[in-house]
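These notes concern the structure reproduced below.
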Amino acid sequence: MRTARAGVVRLVLDTNTVVSGYLWNGPPSDLIAIAMKNILTVDLFSSDPLHTELRNVITRQKFSKQLALKGWTAERLLAEYADRVRTVVPPSIPRTVPDARTMMWCWRLRSPVELT
C-alpha cells in the first residue's frame, strides 16, 4: 500500500464535479485546473464505477452543445480525465443496514433491529 506524501491533496471528484469542472467556469473548474496545471500537488483518484458513470453522463445529448463550446468531444474528455486520474479499486464496505426482509420480519415481531 502506498503511503500518503506530505503536502499532497488527495481527491476523488464525483461525476457532477467533473462534468461541471470541464464544461463550465466556477469552483469545480478551478479544482480541476489546480490539479491539471500542478498549481498544488494534487492526486486525483477515481474508480471503474465512477468512470462508467462519467461516460453515461457526459455522452448525454444535453451536454453536446456545451462540449462543442469548450472544444471537447465526449471521448476526448473521457480520455483526458482517465489519463489524469489514478484508478483504484475502493475497498468493500460492510453492510450496516439490514435488508428489507429482515426489517419487515423485525417489525412483525415488534423487536428492535440490531445494526452491525
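For V12, the residues whose modelled amide H falls within less than 5 Å of its own, excluding neighbours fewer than 5 places apart on the same chain, are F45. Evaluated at q = 0.11, 0.21 Å⁻¹, the base-10 log of the normalised Debye intensity for the stretch 9-91, with identical point scatterers placed on the Cα atoms, takes the values -0.27, -0.99.
None of the figures in this text is laboratory data; all of them are computed from the coordinates on show. Predicted, not measured: the structure shown is a model, and the values here were computed from it.
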